[in-house]
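Written below as structure tokens is the structure these notes are about.
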Ligand SMILES: [Fe+2]
């Protein structure tokens, strides 16, 4: 790939991130409002503040290249946010279960961002854009931290409460199907924990491609 075309891919990726971040800024207040857990609401609000800063970094980088950050819509993020909206449409009552679903949706968003910032940082490295690479790395680390925070909120309270809700239903129903439902919730929790932890570990030291 010629350096010129790598530069084009780099600019395109930055514009994609800019669009993604602006969509997240529009969506996060709704997630914060919907969160039942105070810790989760505070987490969404903190990440909203961080996201404003991340948008400024992208503007600085893109405008430094003599380009406009606007003019591209990140379809991937549009889809992920759409999925988050569906949760709120389908689960209309605030609950620990709905919080668990919101956390899972937010973690999909974080992973998408982590992947894309990792690529952008690598392109910046390869193109010798040292200042930009540093800014992108900074954002990448914030996204990884946000993802880990969501994991810890899920592990320390929300998922456990959601699973306890299932246990309550199990006791109420008393039957085999009810019992299976409780087991399913616990199994889901285990998978969730393993997946997010190993991903967060991987993201803590994103591969550098020098
Ligand atoms: Fe972000």
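Per-structure values
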{"item": "Residue within region 116-126 that is closer than 22 Å to residue 42 by Cα and assigned to a helix (DSSP H, G or I) present", "result": "no"}
{"item": "Residue 81 being part of a helix (DSSP H, G or I), within 25 Å of residue 150 (Cβ to Cβ) and at pLDDT 95 or above", "result": "yes"}
{"item": "Where a residue in region 36-51 is over 20 Å from residue 87 (Cα atoms) and its partner, wherever it lies, is modelled with pLDDT of 95 or more and surrounded by fewer than 16 Cβ atoms within 10 Å (Cβ to Cβ), with Cβ under 6 Å and at least six apart", "result": "51/25"}
{"item": "Test: residue in region 115-136 that is within 13 Å of the ligand (Cβ to nearest atom) and within 11 Å of the chain's Cα centre (by Cα)", "result": "yes"}
{"item": "Count of residues meeting criterion [surrounded by 13 or more Cβ atoms within 10 Å (Cβ to Cβ) and either touching a strand residue (DSSP E or B) at 6+ places or on another chain (Cβ under 7 Å) or more than 18 Å from residue 100 (Cβ to Cβ) (or both)] in region 38-51", "result": "5"}
{"item": "Residue match in region 88-96 (condition: under 18 Å from residue 42 (Cβ atoms), within 16 Å of the ligand (Cβ to nearest atom) and touching a helix residue (DSSP H, G or I) at 6+ places or on another chain (Cβ under 6 Å))", "result": "no"}
{"item": "Test: residue in region 67-77 that is within 19 Å of residue 12 (Cα to Cα), within 14 Å of the chain's Cα centre (by Cα) and either at pLDDT 95 or above or assigned to a helix (DSSP H, G or I) (or both)", "result": "yes"}
{"item": "In region 40-60, the residues that are more than 14 Å from the ligand (Cβ to nearest atom) and closer than 18 Å to residue 13 by Cβ", "result": "60"}
{"item": "Count - residues of region 97-113 that are closer than 17 Å to residue 79 by Cβ and either within 16 Å of the ligand (Cβ to nearest atom) or touching a residue at least 60 places away in the same chain (Cβ under 8 Å) (or both)", "result": "11"}
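The values are calculated or read from the model by the stated rules, or taken from the named source; none is laboratory data. The structure displayed is predicted, hence computed values, not measured ones. Counting neighbours? That spans all protein chains shown, and the Cβs are built from the backbone with ideal geometry, glycine included.
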